[in-house]
Amino acid sequence: MAFRHKHILGIEPLSAEDIQLILDTADSFKEINSRDIKKVPTLRGKTIINAFFEASTRTRLSFEIAGKRLSADTVNISGSTSSVVKGETLEDTARNIEAMSPDIIVIRHGHSGAPHYLADRVGCSIVNAGDGAHEHPSQALLDLMTIREHKGTLKGLEVAIVGDITHSRVVRSNIYALTRMGANVRLAGPGTMVPPGIERLGNVSVFHDLRDAIQDADVVMMLRIQMERQSKTLLPSLREYARFYGLNPLNLTLAKPDAIVMHPGPMNRGVEISSYVADGPQNVILNQVENGVAVRMALLYLVSGVDSMQDQ
Amino acid sequence: MAFRHKHILGIEPLSAEDIQLILDTADSFKEINSRDIKKVPTLRGKTIINAFFEASTRTRLSFEIAGKRLSADTVNISGSTSSVVKGETLEDTARNIEAMSPDIIVIRHGHSGAPHYLADRVGCSIVNAGDGAHEHPSQALLDLMTIREHKGTLKGLEVAIVGDITHSRVVRSNIYALTRMGANVRLAGPGTMVPPGIERLGNVSVFHDLRDAIQDADVVMMLRIQMERQSKTLLPSLREYARFYGLNPLNLTLAKPDAIVMHPGPMNRGVEISSYVADGPQNVILNQVENGVAVRMALLYLVSGVDSMQDQ
Amino acid sequence: MAFRHKHILGIEPLSAEDIQLILDTADSFKEINSRDIKKVPTLRGKTIINAFFEASTRTRLSFEIAGKRLSADTVNISGSTSSVVKGETLEDTARNIEAMSPDIIVIRHGHSGAPHYLADRVGCSIVNAGDGAHEHPSQALLDLMTIREHKGTLKGLEVAIVGDITHSRVVRSNIYALTRMGANVRLAGPGTMVPPGIERLGNVSVFHDLRDAIQDADVVMMLRIQMERQSKTLLPSLREYARFYGLNPLNLTLAKPDAIVMHPGPMNRGVEISSYVADGPQNVILNQVENGVAVRMALLYLVSGVDSMQDQ
């Protein structure tokens, strides 16, 4: 099956077959990262621009390493040094970048929809590395890859996602991806952090008590409390949040005995997740990071339209 | 003809033959940027340091992409992270960088003459990527390349340059380059922004009314109003500036019907150029950016003294 | 002899044989940096992450160039853009980076012991690029390489080190390295800047008058006064410091006639070293920088465990 998308703007436009192909491709790339020589010539002579208009270390690092291991030339732009500060429009910035003939622009931007806006206006491929509170597709795909590795399938799984549902681009992409692949999603968070009506998305149920959400779950995904992204008034206190919505060894026993624990990072230990759980036997958090490089290699490869994974 | 310059410090030291050779070389490199595999081994094993002591996105990006497409190793320094803040002199910083055996240092610096100062003191090649209000040679060369592409020649063309003539390194380099190639330059700007006596450079005329300058012009080049580079007192207001010195569809009709419109970017839409013109059929603004990569490939190649463009 | 260290955390854990092997390896790499094509395939397909959680230009640049000339893929993280600011622990940051399968993490960190802490917790190699006031092993090794080049040996040399002994990671690494190789170390600095009891390290003597320390010395190493690293109260004034602890042509005559003058940079000209000396015939300061690239190539190569320097 051929991949028919030029851009990766989000999970929403992807079919179950698309997701399947991405995950299968990522599986085949993953082995490269454990080789002695972690490099294949797949994207040699391609130019990838990592345009991070919002601060990020791990996502930028993951995309940059993915590009380099595929032998692409990678170039970084960060918001602080960008022309954006000189009053140029985002479209002009993007069209200027595009005029330098990159093959792919990986973009993180604080405004929801920025990658879509650009995809309509430039000729190269756009990969969304996180746009506002909208989508973060590569994160959801690495989450699915990790779940599939541990559970063998996604179909019929009970996946609990706990935290600030309203402001999380991670959860939005995960809802699309998980439900499309046949998993059941349970959301839990304080009332101020769950958007009303979200259960209408299908295969999604909402709980306000963390314990109800993780009861018999196969997967428990804890979200980061993003102090920087919300007004303080949504949370009475971090201690109270940790008490009611933090994952600890006690409430984790409610999930299935072989449930896995996930977190997109960076973790606030002692807030949304206790160190006992973060470092415990059920955590797959570093597998997520590891799979992130493989998923991003797959995305860069698939949107590039390069014919085959020759010479690997 | 062989290129006899070790450094590119400005346009002033270049002869018409030098400029011709750079433009011809850039023409031959341009095609590489539209290939499927945008990479040639020309500068393999060469180290290029992009030392940007003044913020820049597009020029740094353009030089970095140019270097990588020639297979050079490129390394970046930016002002904010530099030892400059630790009280080291520019000469010491440069000599330290030089001791790491780079082949080329591409430098942008806020002080006019910084690249020349270094060229006298280090052994490697220096390429000026903009020094204070002095010169910005790669910008002028990409402008000439773009004009030549659209007009077939530079000789005898009427080129109007409008804006803050006094503080612009772009205009200074363009005056040298255009007059050397036989074009006639017309400058226009508010009285506070045009240095007295500039017409003595030869083939340069000064106008204070934009309409007089662009009358029957072949090329209209609008300069960016650089809020960050001048005291506010030079301009009564941006609205008034736009009214008298902004290019719009109406005053553009004064130029020749096939006149091209240029801007070095980043644009202040609605100030020095209206969006109708910036996006209109006569604009070649993104061609300028595209040609920038080719011109910088040519400059890096020519100063490197590598014998031939073998294996391309 | 095979190198038996997976990490370079400091000089303290290294034997004289280890140091000898590193210096010999660096000698053999040095020649590559003067070649026309400065690149060998030794570390092709290896990923090196330069994690500089403390500002640095020259050390990062030197490690990045060293990695690229060995054909490794290099990726940079700097403190300001790091997740550290989001409240993640250093260990979590490091384990996340490690999950992306780098081969080597080069780390600079403001806290003494940070590289050791990580080496105990991650699987890849750690190279310390400076930790707090603790160690800066690659600096000491490039110093030894430079001394050996000029003096033929290290054994029996009299090496004077002058400045802020207490807060300098450079001097700590140099004391370990020099005494291990049989040199005698003389330390001099204001009473507030020399830790009591340091002479107990063996082969180390302490002076409070610079002139006593450099009398008949083979090597005079001046330390940078680090305004940013100490409270102002340690120094009455820079002028007074320069007068009593600055190296100038007059007091330099006390050293042996063929003594060499060293400085780790960046220099405060007119404070710890006069320009006459810094630029004088006895200075080897830029040789130090040059050798820095070779030493770092040697360290990256040796910790990587790659079998041989094939194909060079």
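Using the 1.4 Å probe convention, the accessible area of the protein assembly as shown works out to 36 Å² per residue with neighbouring protein chains retained. Among the lysines of chain B, pairs that are 8 or more positions apart or on different chains and have alpha carbons within less than 22 Å of each other number 13.
Normalised by the number of residues in region B:99-212, the average gap of Cα pairs under 8 Å and 6 or more apart makes the relative contact order 20 percent. Restricted to Cα atoms, chain B shows a radius of gyration and a Dmax of 19.2, 57 angstrom. Sequentially through region C:146-155, phi angles give Karplus couplings (6.51, -1.76, 1.60; θ = phi - 60°) of 5, 4, 4, 4, 8, 10, x, 8, 10, 4 Hz, Gly and Pro residues having no value and appearing as x. The modelled label-to-label distance for the pair B:His150/B:Asp24, using points 7 Å beyond Cα in the direction of Cβ, is 2.5 nm. Here the accessible area of the protein assembly as shown is 52 percent carbon and sulfur, with a 1.4 angstrom probe and all protein chains present. If eta is 0.890 mPa s and T is 25 °C, what Stokes-Einstein diffusion coefficient results for the protein assembly as shown, Kirkwood Rh from Cα pairs, in µm²/s? After rounding, the answer is 82 µm²/s.
Remark: accessible area buried at the B-C interface is about 2400 Å², both chains counted, probe radius 1.4 Å.
Within 10 Å of the Cβ of each residue in A:5-12, the mean number of Cβ atoms contributed by other protein chains is 0. Between C:Ser237 and B:Asp120, the FRET efficiency estimated from the beta carbon spacing at R0 = 30 angstrom works out to 0.30. At a threshold of 30 Å², the residues of region C:91-112 that become less accessible to a 1.4 Å probe in the full protein assembly than in their chain on its own are C:Asp92, C:Arg95, C:Asn96, C:Ala99, C:Met100, C:Ser101.
Its relative contact order, with pairs defined as Cα atoms under 8 Å and 6+ residues apart, puts chain B at 21 percent. Rounded to the nearest 20, the size of the Cβ-charge dipole of the protein assembly as shown about its Cα centre is 500 debye, with Lys and Arg at +1 and Asp and Glu at -1. Per residue of C:54-61, other chain Cβ atoms within 10 Å of the residue Cβ number 6 on average. 7 Å along Cα→Cβ for the label point: how many nanometres lie between C:Leu286 and each equivalent label in the other copies, listed shortest first? Spelled out, the distances from C:Leu286's label point are 4.6, 4.6 nm.
Comparing A:Leu238, A:Leu247, A:Leu223 in a Gaussian network model of chain A, where Cα atoms under 10 Å apart are tied by springs, the biggest mean-square fluctuation is seen for A:Leu238. Entry note, region C:86-144: relative contact order of 31 percent, from Cα contacts under 8 Å with a spacing of 6+ residues. Bridges between two residues of the protein assembly as shown, per DSSP, are antiparallel at a rate of about 5%.
For region B:34-52, heavy-atom accessible area (probe 1.4 Å) falls by no less than 10 Å² from the chain alone to the full protein assembly at B:Asp36, B:Ile37, B:Lys38, B:Lys39, B:Arg44, B:Gly45, B:Lys46, B:Thr47, B:Ile49. Copy-to-copy label distances for B:His208, where each label lies 7 Å from Cα along Cα-to-Cβ, are 7.3, 7.3 nm in order of increasing length. If only the Cβ of Lys and Arg carry +1 and only the Cβ of Asp and Glu carry -1, the dipole of chain A around its Cα centre is close to 380 debye. Placing a label point 7 Å from Cα along the Cα-to-Cβ direction at B:Arg4 gives distances to the equivalent points in the other copies of 6.3, 6.3 nm, listed shortest first. Rounded, prolate or oblate, given the Cα gyration tensor of region B:25-177, with a/c below 1.5 counting as rounded? It comes out oblate by the Cα gyration axes. Rounded to the nearest 0.05, the FRET efficiency derived from the C-beta distance between C:Lys256 and B:Ser112 at R0 = 56 Å is 0.80. With R₀ fixed at 60 Å, the C-beta to C-beta distance from C:Glu31 to C:Arg200 puts the FRET efficiency at about 0.90. Legend: mean number of C-beta atoms from other chains within 10 angstrom of residue C-beta atoms, peptide A:274-286, equals 1. Shape analysis of region C:167-272 places it in the oblate category; the axes a ≥ b ≥ c from the Cα gyration tensor give an a/c of at least 1.5, with a/b not above b/c.
The values are calculated or read from the model by the stated rules, or taken from the named source; none is laboratory data. Quick caveat: nothing in here was measured; it's all calculated off a predicted structure. Cβ atoms come from the backbone with ideal geometry, glycine included; neighbour counts cover every protein chain shown. Accessible surface areas use protein heavy atoms only, side chains included; no ligands, DNA or RNA. Shrake-Rupley method; radii C 1.70, N 1.55, O 1.52, S 1.80 Å.
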